[in-house]
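Notes follow once the structure below has been shown.
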Amino acid sequence: MSDSNRTVAVSKFLSLILRHSPGTIGLTLDQNGWADIDELITRAARHGKRITPELLREVVADNDKRRFAISDDGKRIRASQGHSVAGVDLALVPVTPPPVLYHGTASRFTASIRDQGLIPGSRHHVHLSADTATAISVGQRHGVPVVLAVQAGALHEQGQQFYLSDNGVWLTGPVDKRFITFP
Ligand code: HQG
């Protein structure tokens, strides 16, 4: 396996464990989503995934979306967004969003979104981005991309909270269809 294939494989594995199913390797995340790095490495090895501390730090540092963060003391790691696992709250501080944020989706979902608004699905939040280029690449993961404009400022004025993840992804609750502009 090439170095870049190896780091992508480790990044995908860490996304699975740190966002969705830590129990796969018998790991428990703390209430803010942190895992002890030594324990993660030991438990991953027991499940046939050999990750050295160096490789793990390389994946965190080089990750294209900075998906993972290491604690200030260097001992713990967590995913910066994208969680579905129960019992984890990143404890992000609510912030005022810009007037408009974007959501990238696929054309096959737009009829349902027109009907129901945006829903988090299995994740804890609806994910929004500050720019349309990012929204297009998010939408492309699901099919033909469509970019929706979300009136975040107006929604915030109505009392809905917004958070900005450590890696620049905007997170919020369900978005009512009245605050969505379709192309
Ligand atoms: C869609 C990636 C039907 C929604 C990205 C999306 C992001 C609806 C899909 C992060 C709907 C859920 C999250 C409704 C929403 N009816 N479909 N009412 N409301 N949807 O993957 O936002 O690379 O759970 O539009 O960059 O695509 O993994 O969410 O298409 O930041 O780090 O339901 O994942 O980050 O899909 O992506 P997802 P997402 P990473």
What is the angle, in °, between the Cα long axis of helix 53-62 and the longest principal axis of the Cα atoms in the chain? Nearest 10 is fine, range 0 to 90. 20
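Using DSSP to define loop residues, name the trypsin sites (Lys or Arg not before Pro) in region 85-183 whose beta-carbon has at most 12 other beta-carbon atoms within 10 Å.
Within region 85-183, the qualifying trypsin sites (Lys or Arg not before Pro) (loop, at most 12 other Cβ atoms within 10 Å) are ARG141.
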State whether region 3-79 is rounded, prolate or oblate according to the following rule on the C-alpha gyration tensor (a ≥ b ≥ c being the square roots of its eigenvalues): a/c under 1.5 gives rounded; otherwise a/b larger than b/c gives prolate, and the remaining case gives oblate. rounded
Run the simple label-point estimate for ILE136 and ASP176 please: 7 Å along Cα→C-beta, distance reported in nm. 3.2
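Can you sort TRP170, TRP34 from fewest to most other Cβ atoms within 10 Å of each residue's own Cβ? Don't skip to the end; give the middle numbers.
Working: TRP170 23, TRP34 19.
The fewest-first ordering by Cβ neighbours comes to TRP34, TRP170.
So if each residue of separation counts as 0.36 nm, and I subtract the Cα-Cα distance between ARG46 and ALA61, what length gain in nm does that give?
Fully extending the segment from ARG46 to ALA61 adds 2.9 nm.
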For a quick check: with amide H placed at 1.01 Å from N, whose amide H comes under 5 Å from ALA106's, ignoring anything fewer than 5 positions away on the same chain? VAL146
Dipole of region 3-79 (Lys/Arg Cβ +1, Asp/Glu Cβ -1, origin at the Cα centre): which of SER71, VAL59, SER4 lies farthest to the positive side? SER4
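What number, in percent, do you get for the relative contact order of region 87-149 if the mean sequence gap of Cα pairs under 8 Å and at least 6 apart is divided by its residue count?
Working: 79 pairs, mean separation 29.6, N = 63.
Relative contact order of region 87-149: 47 percent.
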For a test of understanding, tell me how many lysine pairs in the chain have Cα atoms under 21 Å apart, given they are 8 or more places apart or on different chains. 4
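Bear in mind these aren't lab numbers, they're just calculated from the coordinates by the rules spelled out. Values in this document were obtained by computation on a predicted structure and should not be read as measured data. Neighbour counts are summed over all protein chains in view; Cβ atoms, including those assigned to glycine, are modelled from backbone coordinates with ideal geometry.
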